[in-house]
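K.L.:
After the structure tokens below, expect a handful of questions from me.
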Amino acid sequence: MTAESVKQQVFSFGNPQKAEHSKYFFKTGKGQYGEGDRFIGSTVPETRKVAKANKNLSFDDLGKLLNDEYHECRFCALVILSEQFEKACDTGRKEIFEFYLAHTHGINNWDLVDVSAYHIVGEWLLDKDRSVLYQLASSENLWEQRIAIISTLAFIRKKDFTDTLKLAEKFLTHRHDLMHKACGWMLREAGKRDEKTLTCFLDAHYTEMPRTMLRYAIEKLTPEQKKKYMMKEVQN
């Protein structure tokens with residue numbers, strides 16, 4: 001069980017057509033957010049199957065996968081890490097949390113963040129100081145910023161919305177659509193559990209929210225509520 005054997009297993013599911021599609025889907029062109037990333041063409045279920053078969057992979061080999069040029073290898077490593085975190089004791093969880101934050105350079109696309117951030121960072125911080133989220137949010141790295149907001153899904157599931165709201169407010173003026181989507185998604189998740197929390201945030205900020213963030217946030221509201229908040233677009 002090594003990084004190289006895991007990579008070979010992922011390659012056994014490779015599909016050139018799917019790999020080519022992934023290059024477009026994950027925006028790998030010059031100047032795009034996934035510039036230069038490479039793909040094998042395995043599907044998510046196939047990559048998860050490899051992860052399940054190699055769930056006890058060492059940090060050393062997981063680090064090698066997170067440094068790999070192929071997207072699916074990094075995805076596989078993050079699925080393994082998330083599974084290891086779930087089954088670990090407190091000491092093991094702390095080690096995985098620290099390892100994860102030391103390897104954010106390999107967590108460099110939205111799906112890689114979304115499959116791992118709340119499982120590891122969010123779950124670890126449930127009962128701990130959360131200042132690290134604000135350090136990540138202040139990073140110049142888009143993916144560390146996304147880790148910050150997506151990690152709060154673990155809190156949302158416990159009906160703790162404070163950090164989600166603070167970070168969503170911080171990112172109101174963010175320039176990237178991927179952060180607008182992430183914040184809108186987290187706001188929507190908060191609203192599904194406590195609609196008043198969402199509508200209070202919207203009442204305070206809907207006129208300044210980026211369109212994508214607003215649309216994601218109001219997705220589960222009534223048609224009448226949506227109409228009220230979308231008046232911003234009509235006015236503009």
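K.L.:
Would you mind pulling out the separation of the Cα centroids of segment 1-78 and segment 103-147, in Å?
P.N.:
Their Cα centres are 20 Å away from one another.
K.L.:
Which of the GluC sites (Glu not before Pro) across segment 33-73 are loop residues per DSSP, with 16 or fewer other Cβ within 10 Å?
P.N.:
Hits after loop and neighbour filter: E35, E69.
K.L.:
Using +1 at the C-beta of Lys and Arg and -1 at the C-beta of Asp and Glu, which of M179, T199, T162 has the Cα lying farthest in the positive direction of the dipole of segment 131-236?
P.N.:
Result: T199, furthest along the dipole toward the positive end.
K.L.:
Okay, next question. Per DSSP H run of at least 4 residues, take -39500 (n - 2.57); add these up for the chain, divide by its residues and hand me the 222 nm value, nearest 500 deg cm²/dmol.
P.N.:
Computed ellipticity for the chain at 222 nm equals -18000 deg cm²/dmol.
K.L.:
Return one whole number: the accessible area per residue of the chain in Å², for a 1.4 Å probe.
P.N.:
Result: 50 Å² of accessible area for each residue.
K.L.:
Counting only protein heavy atoms and a 1.4 Å probe, tell me what percentage of the chain's accessible area is made up of carbon and sulfur.
P.N.:
The C+S portion of the solvent-accessible surface of the chain is 49 percent.
K.L.:
Let me ask something else about it. Considering amide H positions built from the backbone, and no H for Pro or chain starts, which residues 5 or more places from R38, or on another chain, come under 5 Å of its amide H?
P.N.:
H71
K.L.:
Let me ask something else about it. Of the residues C183, C73, C89, which exhibits the maximal mean-square fluctuation in a Gaussian network model of the chain defined by a 10 Å Cα contact cut-off?
P.N.:
C89
K.L.:
Would you mind checking the pairs K18/K181; K23/K87; K170/K192; K27/K196; K128/K192; K18/K192 and listing those with alpha carbons more than 29 angstrom apart?
P.N.:
Check vs 29 Å cut-off fails for K23/K87; K27/K196; K18/K192.
K.L.:
Restricting attention to segment 1-103, which trypsin sites (Lys or Arg not before Pro) occupy a DSSP loop and are surrounded by at most 15 other Cβ atoms within 10 Å?
P.N.:
Answer in residue order: K27, K30, K55.
K.L.:
While we're on this one: To the nearest 20 debye, what is the magnitude of the charge dipole of segment 109-236 about its Cα centre, counting +1 on the Cβ of each Lys and Arg and -1 on the Cβ of each Asp and Glu?
P.N.:
Computed about the Cα centre, the dipole is about 400 debye.
The values are calculated or read from the model by the stated rules, or taken from the named source; none is laboratory data. All values derive from a computational prediction rather than experimental measurement. Neighbour counts run over all protein chains shown; Cβ positions are idealised from the backbone, glycine included. When the accessible area is computed, the model is the full protein with side chains, heavy atoms only, and any ligands, DNA or RNA have been set aside. Shrake-Rupley method; radii C 1.70, N 1.55, O 1.52, S 1.80 Å.
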